[in-house]
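One structure is given below, encoded as structure tokens.
The values are calculated or read from the model by the stated rules, or taken from the named source; none is laboratory data. Because the structure is predicted, anything quoted here is derived from the model rather than measured. Glycine gets a Cβ as well: all are built from the backbone with ideal geometry, and neighbour counts include every protein chain shown.
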Amino acid sequence: MAEKYKVNLVNVTASDAHAVTAIKTASAQSVKAVLTRMEIEYAQGFPVEVYAMALYDEICENPQLILEMLPGEVLHFLIEIWEKDQLQVDAQHWDYLQYLAMFGFAFSMRKDDGSPGSDTICYIRDMKDQFYFFLKSRSSRRAMDRYTEWEMIIRGLLYCYGLAEMKTLYRNSLIVSRVETASYEEFDHFMKCRASMWGIGMFLRTTDGKTEYMQHMYVENPERTLREQKEHDELDYCLPDKDQLIFLAQGGGLDRNWKGLSDLFKLLSEDLKMDYYKASISIRTMVTAIQNGWSGEALYNRIQSVTFADDRQRERGLLALEQLCDIVPLFSLKGNSRSQVRKMAQEEELKQKKQRFSIVTGEGSEGKHEG
């Protein structure tokens, strides 16, 4: 666990190597996957250098692709690399460097001896010459912020819905972000080329190819989820505001304001002495189960792997789970929680009662009630 947060001081140096040198550190299959995401056609059977050159040519001809494909934090890290001789680097930065290598900007030279200065980041001088002022421009900075916000909104929606038509995600993301100028084609391109979105799920199409869906990786059974969503035609997709969605996305799909979440985490980390990482994974597993419709005894069995010291601790854990079951957005309910659906049902019942009751006034009387 300590390694996850370990920070190293690394040297930064320029390299006169071609960008293809960095790109081809990935496999040919990986480079071809990126070309596919960019909707670039290619022939099969060539060595990785050929595909790497195709990728290099495309991003040099269309620098805007870099803003669309790479997250803002990765590009900010790239600018730091260009501007400094040494950097404090943690595990997250090494992940960023994998993105930068894939697009030919930089690569690392790491040694296993752990000696001071053994880690070095090399940036490709030619790529700095081509992209430095482009990425430093105000228009590029605004684009980074816009794309980052759009990504966070989409992530937040997917954490709520689990599975949704692409057009639903497009429409709701625009309602929340108020980006009125983005076309569906732009949204579709962004969803498929944004590198930081590649690992969160998969695209699904109906057999006739007319409808495309996005499925989050937390969905356990997409066929069942889609069927259950269709069974709730009366429900609209839940649409939290922008700040709520960004907050949810930044929390990895967990909202610390959910009733029961902090109590459960405290129980696991303090009373049961779990480390932060293990406690977080346990809670993530439980929340994912709830979102997929698990409740009652079936859900409680998921916590049986946690060893409680006494019945009091167990009761606290089960109470926290019951509270989470009531407030966590469910995939089958289109991102609505059980408590939200219950409240909507109560409001609808009250509305119908009011419609059945009217007051008819007549001459010579104060009023007549009809039911």
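Of the residues that sit in segment 185-205 and are part of a helix (DSSP H, G or I) and in contact (Cβ under 8 Å) with a residue 40 or more places away in the chain, which one is nearest to residue 160 (Cα to Cα)?
197
Out of (1) loosely packed, with under 15 Cβ neighbours inside 10 Å; (2) out of contact with any Leu (no Cβ under 7 Å at 6 or more places or on another chain); (3) farther than 26 Å from residue 148 by Cβ, the odd one out for residue 228 is which?
Of (1) loosely packed, with under 15 Cβ neighbours inside 10 Å; (2) out of contact with any Leu (no Cβ under 7 Å at 6 or more places or on another chain); (3) farther than 26 Å from residue 148 by Cβ, only one is false for residue 228: (1).
Which one of these does residue 276 not meet: (1) farther than 28 Å from residue 150 by Cβ; (2) of a type outside the set (A, V, I, L, M, F, W, C); (3) buried (at least 17 other Cβ atoms within 10 Å of the Cβ)?
Result: residue 276 fails condition (3) only.
Residue by residue through segment 285-295, note down the ones that are in a helix (DSSP H, G or I) and in contact (Cβ under 8 Å) with a residue 40 or more places away in the chain.
287, 288, 290, 291
Scan segment 206-216 for residues that are farther than 15 Å from residue 167 by Cα and surrounded by 12 or more Cβ atoms within 10 Å (Cβ to Cβ) and jot them down.
Passing the criteria: only 216.
Collect the residues in segment 147-174 that are touching a strand residue (DSSP E or B) at 6+ places or on another chain (Cβ under 6 Å) and either of a type in the set (Phe, Trp, Tyr) or surrounded by fewer than 19 Cβ atoms within 10 Å (Cβ to Cβ) (or both), keeping them in residue-number order.
Passing the criteria: only 165.
Looking at (1) crowded, with 16+ Cβ neighbours inside 10 Å; (2) modelled with pLDDT of 90 or more, find the lone condition where residue 177 falls short.
(2)
How many of the residues making up segment 1-21 are under 28 Å from the mean Cα position of the chain (by Cα) and either among the basic types (Lys, Arg) or outside any helix (DSSP H, G or I) (or both)?
5
Yes or no, residue by residue, for (1) under 22 Å from the mean Cα position of the chain (by Cα); (2) of a type in the set (Phe, Trp, Tyr):
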{"site": "203", "(1), (2)": "yes, yes"}
{"site": "206", "(1), (2)": "no, no"}
{"site": "209", "(1), (2)": "no, no"}
{"site": "249", "(1), (2)": "yes, no"}
{"site": "257", "(1), (2)": "yes, no"}
{"site": "270", "(1), (2)": "no, no"}
